[in-house]
Each structure stands twice: as structure tokens, then as C-alpha cells.
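Chemist: Here's a structure for you.
Where a number appears in this text, it was derived from the coordinates with a stated rule and is not lab data. The shown structure was predicted, so the numbers you read here are calculated from the model rather than taken from an experiment. With ideal geometry, Cβ positions are generated from the backbone for all residues, glycine too; neighbour counts draw on all protein chains shown.
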Amino acid sequence: MTGYDSNSPITGAIDAHQHFWQYHPVQHSWINDDMAVIRKNFSPADLQPVLQQNGVSGCVAVQADQTEAETDFLLQLAQKNDFIKGVVGWVDLRAANLRQKLEHYAQFRPVKGFRHILQGEEPAFMLQPDFIKGIGLLAKFNFTYDILIYPQHLQAAAALVQQFPDQPFVIDHIAKPFIKDGVIDGWKKDITAIAQYPNVHCKLSGMVTEADMRNWKPSDFTPYLDVVTEAFGINRLMYGSDWPVCLVAASYKDMMDIVKNYFSSFTAGEQQAVFRTNATAFYHLI
């Protein structure tokens, strides 16, 4: 069956994590040969019909390039496309003039928060005094922070978030556990530990690219979804497609169905929380 299931209890879903870009081989050098299918431009015109087909009413556009030009690019797209409900941009959190930069972006309602590609840094990077100082300014402007990391970064991330109980954080892609290899124990211990901080949320996104991208099956994700659902509880989880990155391993519908099917036995209200309410509240989308 294709398209949106009208019998689903989910209405007006929000995709809490997707990307747009004008492909450039240097700027997007992280798109390796295994991901060649996404070596092209992806625009709102490409995504909007896909969202409509899957019953998704809006999305949050997340940075893929570490420049303020990227933030401005996403902001411009949001200003021209109502279905882009929020932007998670990039700003240099270590900059001496960070306060002025945050004051600037606070003028624009679509800008909801920021992200640094911490998965490309050593874990100690996020514990540098200037980075910590930068994180400390975000809450003053009601900005969120997306934590993009691998399992080996989780302990440092916990040391970071414990210093900021009033800062809303969300872990992207369930911290990218090694699903392809079936490795779970170390990740389970560390993600359960960081989940004890009530201001830390978790995106159910990006999982297909951590699995065997050509031969995954839905059951591969169940043990990992069990862990984060138990650790964070229903009210701190949010669905994200990671489109178009997900396309290297799955269609948009395939990715959404992994999460929909997992939560299909939950109450209608719980499903609505995962697919709409939690992201709306976290990012102040309304």
C-alpha cells in the first residue's frame, strides 16, 4: 500500500529532521561513493509532495554545512515555504561575538536552534570552555541545541548537558548506534545515562543509514527503539526522516513506516506525541 493511511491515528505529522542543499562536491564531501544517489540538489519542491503523500504537514530543516551562509540559506527557504516550520542552523558557538550573532538570528521566527557536527570532532571538543560558554548563551534566546554524535561521544555529551538543566537538547539519530553489526550494550548504557536528564530529547531518525543499507529489515531496529523508548519515555521522542540522506537506504515511506509500525500498538495520543506534539513543543513550531 502506498501513500498516507487514512486509518492512522496520526494527524498533521511533523518531520523533525530533514535537509536541503545545492550539491557541491567539496562542500558536501561527506557524501561518499556509497551515497552517490544523493549527489544532487534537494529543494523544498522535491520534499513537499513526499510529505503530502505521507500525511506530514510540516518539517524542521537542519543544517548540513557548517557556515552561517547555510543558516541563511535555510532561513530563506523557510520564509518562502510555509511547510518548513523551523530551522536548525549553524553558528560558531566559540565566537567572541556569539551574543550578537544570536541576537541577529533571534529576529527570525523560523530559526529555532543550532547544531555543530560533533560526530566529526573528538569527544573533548564539546567540553572546551569556549564551546561550553556558547551553549550557555542559547537558552537566553530560547534556542534549542541538536546533538549530532556517535556512541563514543555520549559520555562527553552527558558531561555537557548536566551543566545546563534549562537548555533544551535533542540527540539526533538516536546517537547512531552500530545497527549493522548488532552492537547495542555500550550504546544502551550511555544513552540510558544521558536520558536521565529531563531536558534531553531524542530523534527517531537516521537509523537506516546505520544499518546494512542494502539488506536491512524492520526488525533490525526494534531492539534500539526499545532502548530509547524505555529510556526517554514517550514524551521526549520525535520522528525525523533524515531525508534526503535516508534515500541511500530507504524511501521516505519506508523510513516513516519503521517508526509508525513500532508504535502502532501504542495509544493514539502516544503516537501523536511521537509524530507531532513533541517536536512542536520542543521547537516552538506554533
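Chemist: Based on DSSP H runs of at least 4 residues, each adding -39500 (n - 2.57), what is the mean residue ellipticity at 222 nm of the chain after dividing by all its residues, to the nearest 500 deg cm²/dmol?
Modeler: Only helices count here, giving -9000 deg cm²/dmol.
Chemist: While we're on this one: Residue by residue through the range 185-196, which ³J(HN,Hα) values in whole Hz follow from phi under the Karplus form 6.51 cos²θ - 1.76 cosθ + 1.60 (θ = phi - 60°), with glycine and proline marked x?
Modeler: Values, residue by residue: 4, x, 4, 4, 4, 6, 6, 5, 5, 6, 5, 5 Hz.
Chemist: Over the range 160-286, what is the relative contact order in whole percent, taking alpha-carbon pairs under 8 Å and six or more residues apart?
Modeler: Normalised by residue count, the contact order of the range 160-286 is 25 percent.
Chemist: In addition: Applying 1/(1 + (r/R0)^6) with R0 = 41 Å to the Cβ-Cβ distance of Ser265 and Gln22, what FRET efficiency is obtained, to the nearest 0.05?
Modeler: About 0.50, to the nearest 0.05.
Chemist: Taking 20 Å as the cut-off for C-alpha to C-alpha distance, list the pairs among Lys133/Lys189; Lys85/Lys112; Lys203/Lys253; Lys112/Lys260; Lys40/Lys180 that go past it.
Modeler: Lys133/Lys189; Lys112/Lys260; Lys40/Lys180
Chemist: How many nm separate the modelled label positions at Ile234 and Gln79, each set 7 Å beyond the Cα in the direction of the Cβ?
Modeler: Inter-label distance under the simple model: 4.0 nm.
Chemist: Please label the shape of the chain as rounded, prolate or oblate, based on the square roots a ≥ b ≥ c of the eigenvalues of the alpha-carbon gyration tensor (a/c under 1.5 means rounded; beyond that, a/b larger than b/c means prolate, else oblate).
Modeler: Verdict is rounded for the chain.
Chemist: Please give the FRET efficiency for Asn32 paired with Glu122, using the beta carbon to beta carbon distance and R0 = 25 Å, rounded to the nearest 0.05.
Modeler: Calculated transfer efficiency: 0.75.
Chemist: Once the Cβ-Cβ distance between Ala95 and Asn215 is put in as r, and R0 is 35 Å, what FRET efficiency do you end up with, to the nearest 0.05?
Modeler: For Ala95 and Asn215, the calculated efficiency is 0.20.
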